[in-house]
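A.B. asks: Below you'll find the structure I mean.
None of the figures in this text is laboratory data; all of them are computed from the coordinates on show. Computed from a predicted model, the values in this text were never measured in an experiment. Here the Cβ positions follow ideal geometry from the backbone for every residue, glycine too, while neighbour counts run over all protein chains shown.
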Amino acid sequence: MDIIDRAELYLHHHGRLLDRFRFEALFRGGSRTRVLDALSCYQNEDGGFGNALEPDLRGPGSQPEPVEVAFWILDELDAFDSPMVPAACKYLSSITTGDGGVPFVLPSVRDTVRAPWWQSGDNPPGDLIPTASIVALLHKHAVTHPWLDAATDFCWSKLYVAREFEPYAARAAVTFLDQVPDRRRAESEFARLRDAILAAVTFDLNTPGHVHFPLDFAPEPLRLPLFEQDVLDAGLDAMLAAQSAEGGWGGNWQMWTPLVEHEWGGYVTLLRLKTLRAYGRLPG
């Protein structure tokens, strides 16, 4: 069996229905509508997403980060015409802080089942995570919504004062700068911040634990000159070699309960397949 066949078998053993539908739509010519129907089940009446769409947030209530997860799925389907998008933007407007961003996580998380690292204070500030990636995807798909302008300004203001990044914030910054329409400003800010972003990257591909490799920052080719081609090629070779005997890939962070290992396994396997395809590394 080739890479895709092995991954399909893995997903049938381990993946959520949503991720199996995504695989079918992306790699087997399957129904895009079925993916959207499945994704809509994770959206709440307030327009936000919950219900373990982000596997480490097990609660039913809406949180900001699952909106980003949902938007990446809509992105892969080119489905930003879905009514889920304006509903989600309305939700984002309802949780936006005074500076125009949405928090990383809301205090309501404290009352739900979740991974131990999902913590919140009483009045969390706006954060680049997930604001910057959400903003980027809305711009990529030319969505207009009243929430977007202030959220874009928030991202610019956070980047303007940035001097260093933790890895997830660096990844969000790259996503924003790669997609925001003001290309002259984006390229100028990227040139200023490139060294700080690269400082958050783990280049030794044998490093264990929860680290972030080049292809985590560039899961598909970027407009921004972040990595040389030899760095990307080495990462792609390592990614191909990391496909498990079962056919999947898993996360390199703590799997705090057995169920999330399966759910993350299906999700990460699709991420890896999408990256390999984006760089021309899949058969056919």
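A.B. asks: Apply the Karplus parameterisation 6.51 cos²θ - 1.76 cosθ + 1.60, with θ equal to phi minus 60°, to every residue of the stretch 176-188 and state each ³J(HN,Hα) to the nearest whole Hz, in sequence, with x for glycine and proline.
C.D. replies: For the stretch 176-188, the Karplus-derived couplings read 4, 5, 6, 10, 5, x, 6, 5, 4, 5, 4, 5, 5 Hz, x marking Gly and Pro.
A.B. asks: So for the pair W256, H145, with labels modelled 7 Å out along Cα→Cβ, what separation do we get in nm?
C.D. replies: Label-label distance for W256 and H145, simple model: 2.7 nm.
A.B. asks: Rounded to the nearest 0.05, what FRET efficiency do E246 and S40 have when you use their Cβ-Cβ distance and R0 = 30 Å?
C.D. replies: Values: r = 30 Å, r/R0 = 0.99.
Plugging the Cβ-Cβ distance into 1/(1 + (r/R0)^6) gives 0.50.
A.B. asks: If amide H atoms are built 1.01 Å from N in the plane of the peptide, which residues on other chains or at least 5 residues away come under 5 Å of the amide H of R114?
C.D. replies: Excluding prolines and chain starts, which carry no amide H, the hits are R58.
A.B. asks: What ³J(HN,Hα) values, in whole Hz, does the Karplus curve 6.51 cos²θ - 1.76 cosθ + 1.60 give for the stretch 132-144 when θ = phi - 60°, with x put for Gly and Pro?
C.D. replies: 5, 6, 4, 4, 4, 5, 5, 5, 4, 9, 6, 7, 10
A.B. asks: Which lysines have a Cα less than 24 Å from the Cα of K274, not counting those fewer than 8 places away in the same chain?
C.D. replies: Result set, ordered by chain and number: K140.
A.B. asks: If you take the C-alpha gyration tensor of the chain, multiply each eigenvalue by 5 and take the square root, what semi-axes do you get, largest first, in whole Å?
C.D. replies: 27, 24, 19
A.B. asks: 222 nm [θ] for the chain, helices only, -39500 (n - 2.57) per DSSP H run of 4+, per residue, to 500?
C.D. replies: After summing the helix terms and dividing by the residues of the chain, the value is -17000 deg cm²/dmol.
A.B. asks: Let me ask you something else. Could you give the length gained by full extension between L198 and R110, i.e. 0.36 nm per residue of separation minus their alpha carbon distance, to one decimal place?
C.D. replies: Net length gain for the segment: 28.3 nm.
A.B. asks: Next question, about the same structure. Setting aside same-chain residues fewer than 8 positions from K158, which aspartates and glutamates have a Cα under 12 Å from its Cα?
C.D. replies: Once the sequence-local aspartates and glutamates are set aside, what remains near K158 is D99, D127, E189.
A.B. asks: What list do you get for C155, C41 if you sort them by fewest beta carbons within 10 Å? Kindly include the intermediate steps, with their values, before the conclusion.
C.D. replies: Values: C155 24, C41 11.
Ranked by crowding around the Cβ, least crowded first: C41, C155.
A.B. asks: List every residue whose amide H lies under 5 Å from the amide H of Q63, counting only residues 5 or more places away in sequence or on a different chain, with H placed 1.01 Å from N in the peptide plane.
C.D. replies: F49
A.B. asks: Rounded to whole Å and ordered largest first, report the semi-axes of the equivalent ellipsoid of the stretch 1-124 derived from its Cα gyration tensor (root of 5λ).
C.D. replies: They are 29, 18, 11 Å, listed from largest to smallest.
A.B. asks: Separate question: Can you pull the Rg over Rh of the stretch 42-200, Cα-only, Kirkwood?
C.D. replies: Rounded to two decimals, Rg over Rh is 0.95.
A.B. asks: Given the stretch 125-255 reduced to its alpha-carbon atoms as identical point scatterers, what log10 I(q)/I(0) does the Debye formula return at q = 0.12, 0.19 Å⁻¹?
C.D. replies: Here log10 of I(q) over I(0) equals -0.50, -1.10.
A.B. asks: Give the residue list of trypsin sites (Lys or Arg not before Pro) in the stretch 1-38 that are DSSP loop and have at most 11 other beta-carbon atoms within 10 angstrom.
C.D. replies: Sites meeting the loop and neighbour criteria: R28.
A.B. asks: Tell me the label-point distance for the pair A191, Q119, using the 7 Å Cα-to-Cβ offset, in nm and rounded to one decimal.
C.D. replies: Once both label points are built, they end up 4.1 nm from each other.
A.B. asks: Report the full-extension gain for the segment E164 to V268: residue separation times 0.36 nm, less the Cα-Cα distance, to one decimal in nm.
C.D. replies: Details: separation 104, 0.36 × 104 = 37.44 nm, distance 2.70 nm.
Residue separation times 0.36 nm, minus the Cα-Cα distance, leaves 34.7 nm.
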